[in-house]
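*Asks:* My questions all concern the structure below.
The values are calculated or read from the model by the stated rules, or taken from the named source; none is laboratory data. Just so you know, these numbers come straight off a predicted model, no measurement behind them. Here the Cβ positions follow ideal geometry from the backbone for every residue, glycine too, while neighbour counts run over all protein chains shown. Please note that ligands, DNA and RNA were not included when accessible areas were found on the heavy atoms of the full protein model with its side chains. Shrake-Rupley method; radii C 1.70, N 1.55, O 1.52, S 1.80 Å.
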Amino acid sequence: MQQTLEPLITSAWLAAWDKGDLDALDGLVAPGYTRTSKATGATVDLAGLKSEIAGVREAFPDLRTTVDDVVEGDGTVAVFWTSTGSHTNEYLGVPATGLTVQTRGSNILILENGKILTESVTWDGSELLAGLGIRPLRGIATPASEGEDFLELDPDLMKSFNRQFITGVTVVTTKEGDTPKGLAANSYCSVSLEPPLVLVCVQKTSSTYSALFSSSHLGINILGTEQLDTVKVFASKAPNKFAELNWHEGPNGSPLLDGSAASLEAEIQERFQAKTHTVFICRVRHAETSNTTPMVYKAGRFFDGAELAEL
Ligand SMILES: Cc1cc2nc3c(=O)[nH]c(=O)nc-3n(C[C@H](O)[C@H](O)[C@H](O)COP(=O)(O)O)c2cc1C
């Protein structure tokens, strides 16, 4: 009778994924082993698999996997598994959220002489991020070189277009531990009233960026005409932007700037990765408004919102 592979697969799998004993996989695979992701079509060899496991374990150090089922056929094995871990360090360029995620997958193994020659996996690392509400915007990653027949728009034309768009100015805030952080942003947009959803786009180079991943909430302050100094500070890289300011906390701790035309605190629900920026979609949980006149921003200049002439 053919020997079952189940105990060997389960123990090597858990040793590698849960304990970081990557060499435990060596006895399991045949020479020329490859692993292909069904999601992306990407193929790696054993060294590539080991480095993928090491990357996941570094980002999710408390990773725990259960092998839920191993179904053995004629020269094939299907492995069904579940992993749970906390997002403690950066993963695929995404700063730590501190959130716990559970992910499931199944692998189809093709055997040669009782060892795994090829493996196809339903799962790839982006599913860990999707489980945390962090998704890539599909299509954005498509490079022109992949045969797509599209021309990239001239960036100067795009800038000229944006300069014709009039907005207010907000300061987006959060906390990193006990330290308030924030940046000037005019990418604020109301998405819907019911439910009350808003969005803001933040560049990955912002020093506030990583804090926005470890926070459950953020603050958005619409600046008033008296806050020209404030916008300048928050558009800078000053180390302590809150030093000269009066501010208070929203119910969930987000810094709300005194003297703003309006402030809100919102729970971050989705983080869409759009290359250089992340689009944060948030559900508003608290809002404060005042009679202060909002500041107006157009083409790099700030204007008094009270001086607008009605058409
Ligand atoms: C009017 C105005 C609007 C801005 N809008 C955005 C924005 O929507 N998203 C963004 O990431 N940066 C925006 N910026 C740039 C950031 O405020 C700026 O890069 C800032 O230095 C970031 O600070 P930080 O790195 O300390 O977070 C804007 C700047 C100004 C002056």
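*Asks:* DSSP loop chymotrypsin sites (Phe, Trp or Tyr not before Pro) in the range 148-187 with at most 15 other Cβ atoms within 10 Å of their Cβ, which ones?
*Replies:* The qualifying sites are Phe150, Phe165.
*Asks:* Same structure, new question: Using the charge dipole of the chain (Lys, Arg: +1 at Cβ; Asp, Glu: -1 at Cβ; taken about the Cα centre), state which of Val56, Asn246, Ser263 has its Cα farthest towards the positive end.
*Replies:* Of the options given, the answer is Asn246.
*Asks:* Given a 1.4 Å probe and every protein chain left where it sits, what share in percent of the accessible area of the range 26-114 is carbon and sulfur?
*Replies:* 52
*Asks:* On to the next question. So what is the 222 nm mean residue ellipticity for the chain from helices alone, if each DSSP H run of at least 4 adds -39500 (n - 2.57) and you divide by all residues, rounding to the nearest 500 deg cm²/dmol?
*Replies:* -5000 deg cm²/dmol
*Asks:* Something else now. Taking N as the number of residues in the range 181-311, what value does Rg over Cα atoms divided by 2.2 N^0.38 Å take?
*Replies:* My calculation over the Cα atoms of the range 181-311 gives 1.04.
*Asks:* Using DSSP loop states and a limit of at most 15 other Cβ atoms within 10 Å to flag GluC sites (Glu not before Pro), what is the longest stretch of the chain containing no flagged site?
*Replies:* Answer from the scan: 1-89.
*Asks:* Can you quote the Å³ per residue value for the convex hull of the Cα atoms in the chain, rounded to an integer?
*Replies:* 176
*Asks:* Across the chain, where is the longest run that never hits trypsin sites (Lys or Arg not before Pro) in a DSSP loop with at most 13 other C-beta atoms within 10 Å?
*Replies:* With a cap of 13 other Cβ atoms within 10 Å, the longest stretch comes to 1-137.
*Asks:* Using only Cα atoms and rounding to the nearest 10 degrees, what angle (0 to 90) does helix 6-19 make with the longest principal axis of the chain?
*Replies:* For 6-19 against the chain, the angle is about 30 degrees.
*Asks:* Once you charge only the Cβ atoms, +1 for Lys and Arg and -1 for Asp and Glu, what is the size of the charge dipole of the chain about its Cα centre, to the nearest 20 debye?
*Replies:* The dipole magnitude comes to about 580 debye.
*Asks:* Right, another one. Per residue, what accessible area does the range 6-132 have, given a 1.4 Å probe and all protein chains present, in Å²?
*Replies:* 46
*Asks:* Further question: Counting only protein chains, not ligands or nucleic acids, how are Met295, Met158 ordered by accessible area (probe 1.4 Å), most first?
*Replies:* Per-residue accessible area, sorted high to low, gives Met158, Met295.
*Asks:* So, one more: Excluding residues on the same chain fewer than 8 positions from Lys159, give the aspartates and glutamates whose Cα lies under 19 Å from its Cα.
*Replies:* The qualifying aspartates and glutamates are none; the list is empty.
*Asks:* Taking only Cα atoms, what is the 0 to 90° angle, nearest 10, from helix 46-59's long axis to the longest principal axis of the chain?
*Replies:* Once rounded, the angle reads 40 degrees.
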